[in-house]
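Engineer: Let me begin by handing over the structure; questions about it come next.
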């Protein structure tokens, strides 16, 4: 364990404001999210449903397949006719017909006869198995030798073997994957009731910020946060909308938040959230919403504001781009996920690797730190995590990094050589 | 190890056609992909570049920040004025001015004076550090006590500390993440040269297939594959286009492939690829492209066709939806990735979990098997993998499954209780 990082000790952090530990903040957020009402269901054509969240349970209205079919190219037979067949002592059957693809065979083969059948062909009456082409030898125009026996049901898929009528297939809250959409297509389902997408309004605040497509005069900088936060929201499946850059003026600020709240489920502004001389964030937030959290014992990202107005969420994120990104990940992402109506399993949601930390990293007890790292791989296959150091405002550290690891609040740091779990950036 | 699965032994599989081991097929594919030419670069507005692949190297044309700035709310000082300051023995400074946000301070504080400054404010001349507000006490209208010393450079970000002019930031082939887009916004870059998206034309073949929005008469089934394959392509960042369902008629089939090849980078048809009576796939493919692979020792997915026409790829996937999905993952996905121009790191590209296999699963030596599993979690936190059994045609097995594991060709199976690596479905 490392020596306590007195510069940023918890005592200091708690000195001036309502800063709370990360797990307390997350609990508050979870409890508040439970009070939000669900939103109106949207009907969407099946082909556009990839990644959408089901808002209905799906039961099958049909058997799939509706009739037994062959899953091999070969011959539809009565299994009994093949018993005991070997290469030395084959069974002989006459090929008295063929199942045409897409046709419904009305009658089956006679005794000691079989029908030629291709993969997907309907099993004719009076047959119960398919002998693979590979296990036959053609001995005349109409005769085959069968060199391996089949059991009843072999090489066929029976009625309802894929899906039984009435069977529950997918539950409300499920995020639709390619195979789900494929199966629903097979059931003839052409539209689905899904959760509406989550709309996120985004703006930056600060007299020193100009839109990123403008050339800043001395003393001003281009807006990185809006673009970064919009991309983070998009990655999370939400629809971001920009509301520009707003000056540090309470009236303008209030109007911007109000408009964005009317038009979105979530509003994020960055800047103006720290406890400083020009802090308008909290006062504006308190006029329009109920403040839930202001300040969390995390580094970076500490001065985050979380508030709710009914079932809409309002976030004030730090002006430092890296702090804003970390606060987004910890607080905005769970709200997008909750509003999306998605049910999460306990399977890992992120790609991670175990890596050896290559540098001592101090942390204040009581605070959760997020350390950006670049990864390299040793010949042995082990990963090494190299902390990317830099001022918290420097977005370049996140560009250089492959992911991050956490130092939990119960820990005062990680020593060089310790194993850490690195969450990879997508 | 399990007893050899004689039913599907390699001898049988290699008996009739050019079936090759998976790793040989993958090597052939990789070598052929190296011969494909790269495509024309596209200029795209920065805000639309999330997930796009850079087609240019990016160097910074500016320093970020262009001037030193404060990263804290507090007071801009000469660090020397604070040396030795403690709570018992504070340093006293007069607050003789304030740095307004977004303004360029022409002159700095006089001797034994400081300027109030907010996060993001430009450091005034004659100062070299910022004392955090938290480490000061206001003692009069214009005086502060400083209770902790700062070192030169403390709480500021210097010129070019984030990005230095001329510094290489991102390389061609990089997949753009939110932070990359944020940083490029900060550099005033408004459009990027990126790789064009990969276009994939998709159709299904077979007299027994009807489009999924039609009601199939007896003997026919709805098309699941096109919808499933389109979603798989979309998930991989490609643009899928449907070309409908084509009958088992060589002329129609040929015309469909030809049209789709003209309009796309990759064409996939499913069905008609097995070595059977109605096998049109190979003959059509051979008329329009150079056959590279027909048949791979994998289960499911064996009868896959891979062909190239110049720098366009043509795939014949099995008609069974699960086989088609496995073959897509093994052969189409790498081609989309290669055509996309993306450079992959050696970091894991998929979410995986270690799980205990709960059932004996046989496999033929020489063949690579893909076993679909649903996962459950024990109280101990360990995952258990339950193989989802079913005919290879049954897409419902992939809907029930959370992911899959591989049985390598060198193995003849996995025993109940063995650990396996499960690749999670996204």
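Engineer: Mind listing just one residue for me: the one in the stretch A:130-164 that is in contact with a helix residue (DSSP H, G or I) (Cβ under 6 Å, 6 or more places away or on another chain) and closer than 21 Å to residue B:321 by Cα and, of those, modelled with the highest pLDDT?
Structural biologist: Per the criteria, the residue is A:163.
Here's the yes/no breakdown for (1) more than 14 Å from chain A (Cβ to nearest Cβ); (2) touching a strand residue (DSSP E or B) at 6+ places or on another chain (Cβ under 9 Å); (3) surrounded by 19 or more Cβ atoms within 10 Å (Cβ to Cβ):
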{"residue": "B:364", "(1), (2), (3)": "no, yes, yes"}
{"residue": "B:371", "(1), (2), (3)": "yes, yes, yes"}
{"residue": "B:384", "(1), (2), (3)": "no, yes, no"}
{"residue": "B:394", "(1), (2), (3)": "no, yes, yes"}
{"residue": "B:401", "(1), (2), (3)": "no, yes, yes"}
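Engineer: Sticking with this structure for a sec: Is it the case that the stretch B:247-264 has a residue that's more than 14 Å from chain A (Cβ to nearest Cβ), in contact with a helix residue (DSSP H, G or I) (Cβ under 7 Å, 6 or more places away or on another chain) and touching a residue at least 60 places away in the same chain (Cβ under 8 Å)?
Structural biologist: Yes, the stretch B:247-264 contains a residue that is more than 14 Å from chain A (Cβ to nearest Cβ), in contact with a helix residue (DSSP H, G or I) (Cβ under 7 Å, 6 or more places away or on another chain) and touching a residue at least 60 places away in the same chain (Cβ under 8 Å).
Engineer: Return the residues of the stretch A:411-426 that are surrounded by fewer than 18 Cβ atoms within 10 Å (Cβ to Cβ), away from chain B (no Cβ under 14 Å) and either at positive phi or outside any loop (DSSP other than H, G, I, E, B) (or both); say none if nothing qualifies.
Structural biologist: Result: A:417, A:419.
Engineer: Being crowded, with 19+ Cβ neighbours inside 10 Å, in a helix (DSSP H, G or I) and in contact (Cβ under 8 Å) with a residue 24 or more places away in the chain is the filter; apply it to the stretch B:216-238 and report the residue that is nearest to the other protein chains (Cβ to nearest Cβ).
Structural biologist: Per the criteria, the residue is B:228.
Engineer: Being touching a strand residue (DSSP E or B) at 6+ places or on another chain (Cβ under 7 Å), within 13 Å of another protein chain (Cβ to nearest Cβ) and either part of a strand (DSSP E or B) or at pLDDT below 95 (or both) narrows it down to one of A:67, A:92, so name that one. Write out each step before concluding.
Structural biologist: Numbers: A:92 fails: within 13 Å of another protein chain (Cβ to nearest Cβ).
Of the residues listed, the single one that is touching a strand residue (DSSP E or B) at 6+ places or on another chain (Cβ under 7 Å), within 13 Å of another protein chain (Cβ to nearest Cβ) and either part of a strand (DSSP E or B) or at pLDDT below 95 (or both) is A:67.
Engineer: From the list A:203, A:253, A:242, which residue is in contact with a strand residue (DSSP E or B) (Cβ under 7 Å, 6 or more places away or on another chain), surrounded by fewer than 19 Cβ atoms within 10 Å (Cβ to Cβ) and closer than 26 Å to residue B:101 by Cβ?
Structural biologist: Numbers: A:203 fails: surrounded by fewer than 19 Cβ atoms within 10 Å (Cβ to Cβ); A:253 fails: surrounded by fewer than 19 Cβ atoms within 10 Å (Cβ to Cβ).
It is A:242.
Engineer: Let me ask another. Take the residues in the stretch B:206-215 that are surrounded by 19 or more Cβ atoms within 10 Å (Cβ to Cβ) and part of a loop (DSSP other than H, G, I, E, B); name whichever of them is nearest to the chain's Cα centre (by Cα).
Structural biologist: B:212
Engineer: Just one of the numbered conditions (1) modelled with pLDDT of 95 or more; (2) over 30 Å from residue B:176 (Cβ atoms); (3) buried (at least 17 other Cβ atoms within 10 Å of the Cβ) is not true of residue A:266; which one?
Structural biologist: (2)
Engineer: Of the conditions (1) closer than 16 Å to residue B:155 by Cβ; (2) away from chain A (no Cβ under 14 Å); (3) modelled with pLDDT under 95, residue B:77 satisfies every one except a single condition; which number is it?
Structural biologist: All conditions are met except number (3).
Engineer: Condition first: touching a helix residue (DSSP H, G or I) at 6+ places or on another chain (Cβ under 6 Å) and either away from chain B (no Cβ under 14 Å) or under 24 Å from residue A:414 (Cα atoms) (or both). Can you find one or more residues in the stretch A:344-357 that meet it? Give the derivation first.
Structural biologist: Going through the stretch A:344-357, the residues touching a helix residue (DSSP H, G or I) at 6+ places or on another chain (Cβ under 6 Å) turn out to be none.
Checked against the condition, which is being touching a helix residue (DSSP H, G or I) at 6+ places or on another chain (Cβ under 6 Å) and either away from chain B (no Cβ under 14 Å) or under 24 Å from residue A:414 (Cα atoms) (or both), the stretch A:344-357 yields no hits at all.
Residue-wise test of (1) within 13 Å of another protein chain (Cβ to nearest Cβ); (2) under 17 Å from residue B:394 (Cα atoms); (3) surrounded by 15 or more Cβ atoms within 10 Å (Cβ to Cβ).
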| position | (1), (2), (3) |
| --- | --- |
| A:107 | no, no, no |
| A:122 | yes, yes, yes |
| A:131 | yes, no, yes |
| A:134 | yes, no, yes |
| A:137 | yes, no, no |
| A:142 | no, no, no |
| A:147 | yes, no, yes |
| A:152 | no, no, no |
| A:168 | yes, yes, no |
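The values are calculated or read from the model by the stated rules, or taken from the named source; none is laboratory data. Values in this document were obtained by computation on a predicted structure and should not be read as measured data. Glycine gets a Cβ as well: all are built from the backbone with ideal geometry, and neighbour counts include every protein chain shown.
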